[in-house]
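The values are calculated or read from the model by the stated rules, or taken from the named source; none is laboratory data. Please read all numbers here as calculations on a predicted model, not as lab measurements. Positions of Cβ are generated from backbone atoms using ideal geometry, with glycine treated the same way; all protein chains shown enter the neighbour counts.
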Amino acid sequence: MPENVLVTRHDAVTVITINRPEVRNAVDAATMNALRAALASCEEDGTRCIVLTGAGGAFSSGADIKQAVSSGFSADVVYQTLTDVYGPTLKAIRSASMPVIAAVDGFAAGIGCDMALACDIRLVSARGKFAELFVRIGLIPDGGGTYLLPRLVGIGRALEIIFTGRDVEAEEAVSIGLANHVYPVETFMDEALAFAERISQQSPNALKFGKKALLDSLDSSYDEALAREASYQHQIFTSEDGAEGFLAFVEKRAPVWKGR
């Protein structure tokens with residue numbers, strides 16, 4: 001039986017692939033646990049950028065409802081799975097110390113859509129599309145979509161997408177801020193890897209603290225953001241990479257980042 005999650009390394013970029021193409025990469029508890037373990041390993045192995053994607057022309061069609069029903073489906077089980085499995089994995093995506101890019105080739109639906117929203121950047125192929133389709137079965141988004149979607153596309157558009165459960169195609173996703181870039185299907189993963197590689201060449205400390213400062217600012221005041229930026233900048237200045245950045249600039253050469 002193939003592994004539900006595949007991990008491959010491309011220099012400083014780690015690609016994590018949801019590998020259940022027979023169900024369009026629908027996720028179950030085992031897959032989400034494996035995904036969280038893969039993310040944790042990236043914190044220890046020198047990864048500087050993560051690409052999260054799906055196998056076989058789909059990102060993720062959402063939760064594996066058929067498997068959930070066959071294994072005993074109840075309100076209590078759903079609640080426990082969301083709080084003990086899905087929530088921690090989504091938090092791991094969101095809080096990863098390095099940038100996480102969602103490479104959305106095909107459908108990102110339901111909690112699959114919310115996994116993509118939890119990433120820092122979304123790249124989409126020409127056939128990619130997003131859908132908060134929970135309303136189609138009488139539910140609400142349960143993967144952080146009610147928090148993340150309005151912060152990306154605004155309240156009005158977010159409510160429309162949640163109320164209708166409609167598909168948001170690639171070009172529209174880019175135009176409303178749901179995705180960053182769209183690429184041809186034929187070259188999509190090459191483009192996504194090249195994008196991730198450019199990011200991975202930046203200072204790991206600058207990436208880590210820049211991400212943390214921005215995400216923390218979403219729920220704080222302007223004054224708090226200024227104080228946080230000053231604190232993080234101080235930490236960077238006193239680091240080995242902080243000294244290297246200035247030295248490389250003076251010596252007119254490319255910096256050699258060590259992540260410390």
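Restricting segment 18-30 to residues that are surrounded by fewer than 23 Cβ atoms within 10 Å (Cβ to Cβ) and of a type outside the set (K, R), the residue that is nearest to D84 (Cα to Cα) is A29. Taken as a whole, the condition of being within 20 Å of L152 (Cα to Cα), in contact (Cβ under 8 Å) with a residue 24 or more places away in the chain and in contact with a strand residue (DSSP E or B) (Cβ under 7 Å, 6 or more places away or on another chain) applies to D105.
Scan segment 87-114 for residues that are out of contact with any Phe, Trp or Tyr (no Cβ under 8 Å at 6 or more places or on another chain) and of a type in the set (A, V, I, L, M, F, W, C) and the total you get is 6.
The set of residues in segment 236-257 being in contact (Cβ under 8 Å) with a residue 12 or more places away in the chain and surrounded by 13 or more Cβ atoms within 10 Å (Cβ to Cβ) consists of I236, S239, D241, G242, E244, G245, P255, W257. Would you say A109 is buried (at least 24 other Cβ atoms within 10 Å of the Cβ), closer than 15 Å to G165 by Cα, touching a helix residue (DSSP H, G or I) at 6+ places or on another chain (Cβ under 8 Å) and not assigned by TED's automatic domain parsing to the domain that holds L214? Against the criterion (buried (at least 24 other Cβ atoms within 10 Å of the Cβ), closer than 15 Å to G165 by Cα, touching a helix residue (DSSP H, G or I) at 6+ places or on another chain (Cβ under 8 Å) and not assigned by TED's automatic domain parsing to the domain that holds L214), A109 qualifies. What do you reckon, is V51 at pLDDT below 95 and within 30 Å of K208 (Cα to Cα)? It is false that V51 is at pLDDT below 95 and within 30 Å of K208 (Cα to Cα). Considered as a group, the residues in segment 215-253 that are modelled with pLDDT of 80 or more and not in a helix (DSSP H, G or I) include one that is nearest to I121 (Cα to Cα), and that residue is L218.
Of the residues making up segment 198-230, those that are surrounded by 15 or more Cβ atoms within 10 Å (Cβ to Cβ) and charged (D, E, K, R) are K208, K211, R228, E229.
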